[in-house]
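Visitor: Here it is, the structure, as structure tokens.
No lab work stands behind these numbers, since they all come straight from the coordinates. All of these numbers come straight from a predicted model, not from anything done at the bench. All Cβ positions, even for glycine, are placed from backbone atoms using ideal geometry, and neighbour counts span all protein chains on display.
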Amino acid sequence: MAADYVFAIVGSGPAGMSAAARAAKEGKTHILLERAPHLNDTIFKYQKRKLVMATPEILPLRSDLAFEQELREEVIDSWTAGIEGANVNLRLNAEVTAITGQSGNFEVTLSSGDKLTAEYVVLAIGVQGNIRKLTIPGAELPLVQYQLDDPEEYEGEEIVVIGTGDAGIENALGLSANNNVTVVNRGPDFPYAKPANAALIQAAIEKGDIQVFLNAEPKLIEAGYLVLDTRDGEARVKCDRIIARIGALPPRRFVESCGIKFASDSPTAYPQVSETYESQVPGLYIIGALAGYPLIKHCLNQGYEVVEYVLGNNIAPADEPLIQVKLDSARLPMTVAELITMVREKLPLFATLTPLQIREFLIHSELYRKQLGETVIERGEYANSVYFVLEGEVGVVSDPNNPEELAKLMAGQFLGELALLSGRRRTRTAIATVPSLLLEVDRNTMIRLVRSVPEVKQAIDSAAVVRQIKVYLAPEIDDQLLDEVVRNATVVQFKPNDTLIEQGAHDDSIYLIQSGSVTVTIKVGGKDIVNAYIPAGRYVGEMAMLTNEPRNATVKAAVATEAIKIDSVAFRALLDREPELRQRVETRLQDNLLERQRAQLGVEHGDVIEFLMRQGIGEATDVLLIDESLCVRCDNCEKACAETHHGVSRLNREAGPTYATLHVPTSCRHCEHPHCMKECPPDAIHRAPNGEVFIADNCIGCGNCERNCPYGVIQMAAMPPEKPGLLSWLLFGVGSGPGEDRSPEGLAKRTGAKHAVKCDMCRGIEGGAACVRACPTGAAIRVAPEQFITVLQQGAR
């Protein structure tokens, strides 16, 4: 018996509506089933007058429904008219409870008991019906809610918004007009929000319209209060209402009941689908947010494409040309689909991602062929990407003094991730040991993956343990021998001034510093004296493991720090089983200890390091210091800076703290994780290979970077025209007159245009920083934190 419909489409979000409109235009029998009493329940539940953004802008729209950036109400009206105009067969209040059968013969059961049949089923139910909820004590109290329909319903309340995606930000902004709003952000920035929303929330925070807790975790809800765990300790926030917008998870139980398998057991995993959106159940297709990517334009495109695929029209996805050009550039004779399969099969790190998720990061990636002996990454350069070995082999130089000693990375492995996550220079050079094919994934894409996909973060942490042991201790060790060590390793977060290791303690774990930095202190006369500084990418604690003696120093986090704690019991057990390995490791550890001891400071310099750490230098990668005993206050440094940068100086010599004769002027520190980069709508702030953080010409003058910088080193300035030659000025009056105000404020008054300016370490200028070159007494120097100790030791001599 013939089925009732060719297409049964479940869910009337953007993907489902687009699929129904395409089926109608193709003249195919269909039914669009929606459990709510209205179309598009997700958009319907957006807060009133929300601006719906049509991102990503580079992606073309492919749908029978129109879509552009409009208010919520306008989008709903437009799509409703589009569905009516296409004569879509719509059934509201129709909740699907079961789907059985296969291609050509599906039975769909509704909560009413009605049943219908279809040749194909398109599942477009999204994830918003399965929202995440708080699990902390007190989450069941009536002041907690997970939805906001109209911000104007609330007035004069103390409201806490948990969650900093687009929904949370828009709720906070809408409520702030008539309420006191506090936003709780688990991280330091807003990586999940669209750039425009991130800019708006930053501006509201700067103006004081919204309060914010960064790097804060909800701990407990009491009547009238939310208790937070912050880096500065516990905080109690008064509140009349808590609105938690912390995302949603795929409705796994229902989806699996349809016979569909997920990529992994992780609660964040998505169903497995093919390049044409077909699940393992023949004829059952999954599109939209449930397929792994929730942006509206993607959903609309997928709705159109899935109908075309079912009808035998093998059209290329809308993003196909953007990825194909990368294959062509690398001279790879394969299709985009074959590349996606290759990535999933050869790179275990991405095995749990759906093809749609892989397509998304491939848009922001590059493919390279490297020949034998060609450099992949260079020691000392700054990391803006991670490399994955698709084919071939890469060797990491373990000892810079012995470039022939290589730790080999085979196909499926990756490199460069530690420098990327730590924000520091690369500590090792890597070369292709055979002709190789590499995939380079850019910094922002990789960080989003690490933060949003737990399996990716776990894989990188496990690889970091293996990598550091091989690079620093045992280059030739078989990875399998380290399995037990990796299993027992844990990731630990430390707040500033938290203790990793206590002098005199009998524990003996090793800590691999992934991000941040630590100081090593010893007790002298009852006082803690700093005698060493350890940046990310290094490890601490190996001496206790080697000697079996109590800790001989205290190690504390200088800034917020993440470390991998390696259990020495498991490591010692490995050494006991491998005597030759033990001998090599102990020799290396002794060499490392001697090197570190040579780099330690005398007691007299401990206070200097402690002063620098208090100024946030622990997160710097390059900082300007001035020796006040040599400085003659000529201001040549400022003048040279202004002359080099169109009349606008990027440093203030007098400003900034001083300890004894060491002065830290107001000048960019080029942080390991630049605060200024976090919320730049046009993506105008970048890090050059040599480490300079600079602002490109596409700056729009929004001021987010100025507000985000905790050190006050960015200013909004009008950029003057190029300085004319003397004859042009004298003969033709070109340029400003000698008495004209060329300060940033004066230029802004004349031109009305501003953009952000900061120190760029005179990037691209021969000789380096102009401020240092112009100092007549050698008082000004630029150093990395790792060089502080050397500079102080030289000064002592």
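Visitor: So, counting K/R as plus one and D/E as minus one, what does the shell of residues with Cβ under 10 Å around residue 240 add up to? Write down the numbers at each step before the final one.
Guide: On the way: positive: 238, 241; negative: 157, 158.
Net local charge, residue 240 excluded: 0.
Visitor: In addition: Hey, what angle do you get for helix 568-577 against the long axis of the chain, alpha-carbon based, 0 to 90 degrees rounded to 10?
Guide: It works out to around 90 degrees.
Visitor: A follow-up question, please. Between segment 153-167 and segment 533-555, what is the separation of their alpha carbon centroids in Å?
Guide: Segment 153-167 and segment 533-555 have Cα centres spaced 45 Å from each other.
Visitor: Could I ask something else about it? Quick one: net charge of residue 96's neighbours, Cβ under 15 Å, K/R +1, D/E -1? Please list the in-between numbers first.
Guide: On the way: positive: 35, 91, 115, 253; negative: 4, 34, 41, 95, 107, 114, 256.
Summing Lys/Arg as +1 and Asp/Glu as -1 gives -3.
Visitor: A follow-up question, please. Roughly how far apart, in whole Å, are the Cα centres of segment 356-372 and segment 635-701?
Guide: When both Cα centres are located, 32 Å separates them.
Visitor: Hey, what number do you get for the chain at 222 nm if only DSSP H runs of n ≥ 4 count, each worth -39500 (n - 2.57), divided across all residues, to the nearest 500? List each step's numbers first, then the result.
Guide: Numbers: 24 runs with 235 residues, N = 797.
Only helices count here, giving -8500 deg cm²/dmol.
Visitor: With Cβ to Cβ distances under 11 Å as the rule, what net charge do the other residues near residue 82 carry (K, R +1; D, E -1)?
Guide: Values: positive: 25; negative: 64, 77, 84.
It works out to a net charge of -2.
Visitor: Give the peptides 9-22, 136-149, 75-88 in descending order of average Cβ contacts within 10 Å, highest first.
Guide: 9-22, 75-88, 136-149
Visitor: Of the peptides 335-344, 628-637, how do they stack up when ordered by the mean number of other Cβ atoms within 10 Å, highest first? List each step's numbers first, then the result.
Guide: Details: 335-344: 18.0, 628-637: 14.9.
Most protected by this proxy first, the peptides run 335-344, 628-637.
Visitor: Lysines within cross-link reach of residue 758: Cα-Cα under 26 Å, excluding same-chain residues under 8 positions apart?
Guide: The reachable lysines, counting only those whose Cα sits under 26 Å from residue 758, are 194, 207, 639, 678, 723, 749.
Visitor: Whole-Hz ³J(HN,Hα) for each residue in segment 177-189, computed from phi via Karplus 6.51 cos²θ - 1.76 cosθ + 1.60 with θ = phi - 60°, x for glycine and proline: what do you get?
Guide: Each residue's phi maps through the Karplus curve to give 5, 10, 9, 8, 10, 10, 9, 9, 10, 5, x, x, 8 Hz.
Visitor: Using only Cα atoms, find the angle between the long axis of helix 296-310 and the longest principal axis of the chain, and express it within 0 to 90 degrees, rounded to the nearest 10.
Guide: It is inclined by approximately 50 degrees.
Visitor: Next question, about the same structure. Explain nothing, just compute: Karplus ³J(HN,Hα) = 6.51 cos²θ - 1.76 cosθ + 1.60, θ = phi - 60°, for every residue of segment 540-545 in order, whole Hz, x for Gly and Pro.
Guide: Here the 3J(HN,Hα) series is 9, x, 6, 5, 5, 5 Hz.
Visitor: Given a cut-off of under 8 Å on Cα pairs at least six residues apart, what relative contact order in percent is computed for the chain?
Guide: RCO, the chain: 9 percent.
Visitor: First measure r as the distance between the Cβ atoms of residue 654 and residue 26, then evaluate 1/(1 + (r/R0)^6) with R0 = 45 Å and state the FRET efficiency to the nearest 0.05. Each step should come with its number before you reach the end.
Guide: Values: r = 72 Å, r/R0 = 1.61.
Result of the calculation: an efficiency of 0.05.
Visitor: Report the label-to-label distance for residue 38 and residue 315 in nanometres (one decimal), using points 7 Å from each Cα along the Cα→Cβ vector.
Guide: If labels sit at residue 38 and residue 315, their model points lie 3.0 nm apart.
Visitor: Could you work out how much longer the chain between residue 48 and residue 493 gets when fully extended? Use 0.36 nm per residue separation minus the Cα distance between them, nm to one decimal. Write down the numbers at each step before the final one.
Guide: On the way: separation 445, 0.36 × 445 = 160.20 nm, distance 3.92 nm.
Fully extending the segment from residue 48 to residue 493 adds 156.3 nm.
Visitor: Considering the values [x] 52, 34, 24; [y] 58, 29, 24; [z] 49, 35, 28, which represents semi-axes √(5λ) of the Cα gyration tensor in Å as calculated for the structure under consideration?
Guide: [z]
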